[in-house]
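Undergrad: I am attaching a structure below and will ask some questions about it afterwards.
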Amino acid sequence: CRPEFLKAFERAANLGTKEGSTGSPFTLHAPLIELSKKEIIEVGNQLGVDYSKTHSCYDPADDLACGHCDACILRLRGFAEAGLEDPAPYVAST
């Protein structure tokens, strides 16, 4: 989720693969990287993403998001800022 990481990964892919080093170089595209969580959620909503089938949790319990890790907190804040309720299943009420 960081531009520096994506550039380094792209470089590694091009150095570490035959196609990347001798053929057509790999180019990573990350069209959402400059958007806020709110903006990403809004774009997904406009595209019809079923957010009930997704979660961003770093520490899920089975298919349930924890609601407390950084990823969950950022996601919940993004939904709130977009004026939407996060339909992801969480371990406990968040």
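Undergrad: State yes or no: is Phe26 of a type in the set (A, V, I, L, M, F, W, C) and either assigned by the TED database to the domain that holds Leu6 or in contact with a strand residue (DSSP E or B) (Cβ under 7 Å, 6 or more places away or on another chain) (or both)? Talk me through it step by step, then tell me what you get.
TA: Values: of a type in the set (A, V, I, L, M, F, W, C): yes; either assigned by the TED database to the domain that holds Leu6 or in contact with a strand residue (DSSP E or B) (Cβ under 7 Å, 6 or more places away or on another chain) (or both): yes.
So Phe26 passes the test.
Undergrad: Does Asp62 qualify as being surrounded by 12 or more Cβ atoms within 10 Å (Cβ to Cβ) and of a type outside the set (S, T, N, Q)? Break it down stepwise before answering.
TA: Values: surrounded by 12 or more Cβ atoms within 10 Å (Cβ to Cβ): no; of a type outside the set (S, T, N, Q): yes.
No: the conditions fail for Asp62.
Undergrad: Would you mention how many residues in the range 8-24 are open to solvent by 90 Å² or more (accessible area, probe 1.4 Å), out of contact with any Leu (no Cβ under 8 Å at 6 or more places or on another chain) and within 30 Å of Lys37 (Cα to Cα)? Reasoning before the result, please.
TA: Taking the range 8-24 and keeping what is open to solvent by 90 Å² or more (accessible area, probe 1.4 Å), we get 9, 11, 15, 18-19, 22.
Checking which are out of contact with any Leu (no Cβ under 8 Å at 6 or more places or on another chain) leaves us with 11, 15, 18-19, 22.
Applying the additional criterion that residues be within 30 Å of Lys37 (Cα to Cα) yields 11.
Total meeting the criteria: 1.
Undergrad: Any idea which of (1) over 13 Å from the mean Cα position of the chain (by Cα); (2) under 14 Å from Arg75 (Cβ atoms) is the one Ala12 doesn't satisfy?
TA: (2)
Undergrad: Follow-up. Checking Asp50 against (1) more than 18 Å from Ala80 (Cα to Cα); (2) open to solvent by 70 Å² or more (accessible area, probe 1.4 Å), only one condition comes out false. Which one?
TA: Only one criterion in (1) more than 18 Å from Ala80 (Cα to Cα); (2) open to solvent by 70 Å² or more (accessible area, probe 1.4 Å) is unmet by Asp50, namely (1).
Undergrad: Of all residues being open to solvent by less than 80 Å² (accessible area, probe 1.4 Å) and touching a residue at least 12 places away in the same chain (Cβ under 8 Å) in the range 25-38, which is nearest to Leu84 (Cα to Cα)? Just the residue, please. Talk me through it step by step, then tell me what you get.
TA: Kept after step one, since they are open to solvent by less than 80 Å² (accessible area, probe 1.4 Å), are these residues of the range 25-38: 28, 30, 32-33, 35-36, 38.
Right, trim to touching a residue at least 12 places away in the same chain (Cβ under 8 Å) and you get 28, 30, 33, 36, 38.
On the way: Leu28: 30, Ala30: 24, Ile33: 21, Ser36: 15, Lys38: 10 Å.
Filtering the range 25-38 for residues that are open to solvent by less than 80 Å² (accessible area, probe 1.4 Å) and touching a residue at least 12 places away in the same chain (Cβ under 8 Å), the one nearest to Leu84 (Cα to Cα) comes out as Lys38.
The values are calculated or read from the model by the stated rules, or taken from the named source; none is laboratory data. Values in this document were obtained by computation on a predicted structure and should not be read as measured data. Glycine also receives a Cβ, built like all others from the backbone with ideal geometry; neighbour counts cover every protein chain displayed. To get the accessible areas, we keep the full protein, side chains included, count just its heavy atoms, and leave off ligands, DNA and RNA. Shrake-Rupley method; radii C 1.70, N 1.55, O 1.52, S 1.80 Å.
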